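I have placed the structure first, in the form of structure tokens, so that the comments after it can refer back to it.
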Amino acid sequence: MWYGFAGKLLRINLTSGETKVEELDKSELRKYMGCTGYAAKLLYQEMPGGVDPLAPEAKVVLATGVVTGTLCPSGGSYEVCFRSPLTGTWNQARSGGAFGPKLKYAGFDFVVIEGKAADPVYVYIHDGQVEIKPAKHLWGLNVEETTDTLIRELDDPEISVAAIGQAGENGVLYAALINDRGRAAGRGGIGAVFGSKNLKAIVVNGHGGIKVAQAKKFAEAIEKAEQWLNNYPFGSIPALGTVGLVSVNNSLGILPTKNFQTAYFEKADQISGETLNRKYQIKRRACYGCSFACGRYTSVPTGKFVTPPMEGPEYETVDMLGAICGVDDLEAIIKGNYLCNVYGLDTISTGMSIAFAMECYEKGLLTDKETEGMPLRWGDAEVMVKLVEKIAHQKGIGALLAQGVKRMAEQLGPAAEEAAVHVKGLELPAHEPRSESKVLALQYAVSPRGACHMHPNWASTWDFGQLDCGMKEFGLPWPPAEIQDESSQKGVVYRYVALQGEISEILGACIFYSWGGEGSCITPQLYAEIVSALTGWDVTAAELLTAAERSWNLKRCFNAREGFTRKDDKLPRRFSQAIPNGPSAGAKVENLDTMLDAYYEAMGWDKQTGLPRPEKLRELGLEFAIN
Amino acid sequence: MSKVLIVDPTLCTGCHRCEMWCSLTKYGEINPSRSNVYVIRREPGVDVPVICIHCGLCIDVCPLGALKRDRTTDAVVVDSDLCSGCGACVKVCPYGVLRIDEEMDIAAKCDLCSGSPACADHCPHGAIRYEDVRKAAAKRRELWAMAQAGKIRS
Ligand code: SF4
Ligand code: SF4
Ligand code: SF4
């Protein structure tokens, strides 16, 4: 009997058309707790190093966690784990919506996708059954059309569809997988991987539910969480949505602008959350099971950027299609967001690629010849929207932009490298790592998937609030007295910040609710209570932390096998130059090496290589990852 | 004054937590398919919780007298000892909020949780509330009128 988990893994081989249901092993699952932790084990053990992410041999794991689809207040997530064609690293792309919960209600915690279909297919998973069905008629359709067609065809309005659009079909290296129309497993190019496998969509629905080991205790733990979250320190996010951060960040001088040339946008008011909510919001929308409801539902009813109702845009998108490109037209941003959703594009990499192209154009590194006579000027809203179209279809200059900033810079030469803002090939998200955010700078440098604000993402909240997030019993907040140097302190602190954040990753929870302290967020202790009541296992916060450490180390080992070491834990050159204007003028990152030394040391990793030492891996029961 | 369950769809975000609480409270598991409140989430932008209004139509058609009115809450409740799962009530319910529970093979419907409704207690946005009957009636009139005018929107 399984509690909390569905207890099953579904294996789909697209080459042979065979599918197989496997029982999960309880003790092995508990070691990793599930979701991305267990997916890391699966991918590490089943996919040898060096496999081309777009080859049939590449595997993809769709992972839910123990709290996915339960009443845990932010438990609506699933994550897609794979080797990224954009970066060559480990990648995990999280998404909310209904897909994760419905996959679990259909009876599966994990889906492993292997091989490549001869012709386009989609996979239909429902109540323990799985069918691989022809999708020739869907190929070439956008995400919305695909979703509508499948709802009609399967005659069920309650299915959840995760599909790729034209961008994934055309192999854009940062194409996304979009579920429930407007929720994106965005980063790292899972859309291109689906496209390479001729896999158009995965459809799920289920009526199985999740069994709870101790229903009364579970209800009590959830009630406690609901109460604690009344004091949640970031409670203002739902009121405006994540896009509320535009004004806040701009007033602090940390709103990335013009390809990170600066961090202050004079016209931020025009693209702010306040403006979005006042003029374009239709309603608030929640992911399945989430009490936060930070999602917006918007449309542009008239004008040249008219769009039908759609989820978003989120903060990241508004900055990336807005300030990062110098664009101050919110209607164009909403349109760009809509196009990214229907074509299946990561809005962050899309915006950064456009901004990079604009900077290259400004510097004469891209000329009218390459752009077919279209000037790529900062702030040109129409050009931004046109480029989104061109990228998705790999048309004209779009074919260059579709490769992402790192590859573009390689083709445009050394002068372009100066302007290339990425880590390990992943374009930076909309959070300025200079200014106060020095721990965030470290996070960008070392995160397994490249410049990442999400996995795990407590660094910026630490930078600003030094919240303990329930880590008191493990020694936070700090700084440790025996370490004098501030940069070294930050390196050590990040060990705890990362591991606390990784707990949400292995449980399948959205990260938002894990920032705060006892009585105001879901701490590791409260997660332990919830997970214990759900599963009937006696899980402690310390056990969760160890599982998180296992997961974090294993992702590092996955990257090591692909050749990533300390030399790759670096930041774009731009961040050693000072922010030129705005409230945080003068700030730059100068202490990365010191932070890295301290962080590796604290993690039990070798300082020279930045890789986990064999003793560390043995201690965590990861002998198989020693090489 | 007694209380009535009332919904305000304009406040609903489509989170489905009410369904999860209902199934947890009633059956000790988390399963929106075993819930007695139904959240209809559709595109574009529709999130509407649908609940039993305890009108009692189902009482009249039950051949076994298994549906009764609870005297304290005025809820229409299923007597599981008498119900055979024939589904006559499912056919008559104008709101589609009765179902035959597959596991127990009898009719399942909202019973107002004997006066402390889990769904209303836990809705994060107050979209389902257990309210004084006068206030609830006023809200019902409002929703009814607006629906007729095709103007329910948020
Ligand atoms: S809990 Fe409230 S907001 Fe969530 S779906 Fe139910 S009625 Fe809507
Ligand atoms: S179940 Fe349907 S018929 Fe019965 S009382 Fe409720 S709304 Fe009326
Ligand atoms: S009142 Fe109780 S039984 Fe009725 S829908 Fe709400 S939670 Fe379910």
Flagged in segment A:600-627 as of a type in the set (K, R) and open to solvent by less than 30 Å² (accessible area, probe 1.4 Å), in numbering order, are A:K616
If you go through B:R69, B:R34, B:R99, the only one that is within 12 Å of ligand 2 (Cβ to nearest atom), within 14 Å of chain A (Cβ to nearest Cβ) and at pLDDT 95 or above is B:R99
Output the residues belonging to segment A:266-289 that are at pLDDT 95 or above and of a type in the set (V, I, T).
A:I271, A:T275
Counting just the residues of segment A:232-260 that are more than 30 Å from B:H122 (Cα to Cα) and β-branched (V, I, T), which one comes out most open to solvent (accessible area, probe 1.4 Å)?
A:V248
B:R42 vs (1) away from every other protein chain (no Cβ under 14 Å); (2) away from ligand 3 (no atom under 16 Å from the Cβ): all pass except (1)
Taking the stated definitions as given, is A:A263 over 24 Å from the mean Cα position of the chain (by Cα), surrounded by 16 or more Cβ atoms within 10 Å (Cβ to Cβ) and modelled with pLDDT of 95 or more?
no
Against the definition (over 29 Å from A:E359 (Cβ atoms), open to solvent by less than 60 Å² (accessible area, probe 1.4 Å) and assigned to a strand (DSSP E or B)), how does A:R296 come out, yes or no?
yes
Please determine, by comparing only the residues of segment B:38-77 that are of a type in the set (D, E) and not assigned by TED's automatic domain parsing to the domain that holds B:S2, which one is farthest from ligand 1 (Cβ to nearest atom).
B:D60
Those residues of segment A:94-113 which are in contact with a Phe, Trp or Tyr (Cβ under 8 Å, 6 or more places away or on another chain) and either within 23 Å of A:P448 (Cα to Cα) or among the acidic types (D, E) (or both), in sequence order:
A:R94, A:S95, A:G96, A:G100, A:D109, A:F110
Kindly indicate the residue of segment A:509-550 that is of a type in the set (D, E) and more than 23 Å from the chain's Cα centre (by Cα) and also modelled with the lowest pLDDT among those meeting that condition.
A:E518
What is the one condition in (1) out of contact with any strand residue (DSSP E or B) (no Cβ under 7 Å at 6 or more places or on another chain); (2) closer than 22 Å to A:G189 by Cα that A:G379 does not satisfy?
(2)
So which of B:D105, B:D60, B:D101, B:D74 ends up being open to solvent by 70 Å² or more (accessible area, probe 1.4 Å) and in contact (Cβ under 8 Å) with a residue 60 or more places away in the chain?
B:D74
Open to solvent by less than 50 Å² (accessible area, probe 1.4 Å), within 13 Å of another protein chain (Cβ to nearest Cβ) and not in a helix (DSSP H, G or I), is that true of B:H125?
yes
Taking segment A:96-151 only, how many residues are in a strand (DSSP E or B), under 25 Å from the mean Cα position of the chain (by Cα) and of a type in the set (K, R)?
0
Which condition number in (1) in contact with a strand residue (DSSP E or B) (Cβ under 7 Å, 6 or more places away or on another chain); (2) over 30 Å from A:K217 (Cα atoms); (3) more than 11 Å from ligand 3 (Cβ to nearest atom) is the one that B:R71 fails?
(1)
Any residue that is in contact with a Phe, Trp or Tyr (Cβ under 9 Å, 6 or more places away or on another chain) and within 14 Å of chain B (Cβ to nearest Cβ) - is there at least one of those in segment A:187-196?
no
Hey, B:A118 under 17 Å from the mean Cα position of the chain (by Cα) and not assigned by TED's automatic domain parsing to the domain that holds B:T13 or not:
no
In the list A:V243, A:V318, which residue meets the criterion of being out of contact with any strand residue (DSSP E or B) (no Cβ under 8 Å at 6 or more places or on another chain), β-branched (V, I, T) and more than 14 Å from chain B (Cβ to nearest Cβ)?
A:V318
Of the residues B:S80, B:S84, B:S116, which is within 14 Å of chain A (Cβ to nearest Cβ), of a type outside the set (D, E) and either within 16 Å of ligand 1 (Cβ to nearest atom) or open to solvent by 40 Å² or more (accessible area, probe 1.4 Å) (or both)?
B:S116
Exclusive hit being within 8 Å of chain B (Cβ to nearest Cβ) and charged (D, E, K, R), set A:K267, A:K283, A:K216:
A:K283
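The values are calculated or read from the model by the stated rules, or taken from the named source; none is laboratory data. Note that the structure is predicted; figures quoted are calculated from it, not measured. Positions of Cβ are backbone-derived with ideal geometry, glycine not excepted, and every protein chain shown enters the neighbour counts. For the accessible areas, the whole protein counts, side chains as well, though only heavy atoms, and no ligand, DNA or RNA atoms are used. Shrake-Rupley method; radii C 1.70, N 1.55, O 1.52, S 1.80 Å.
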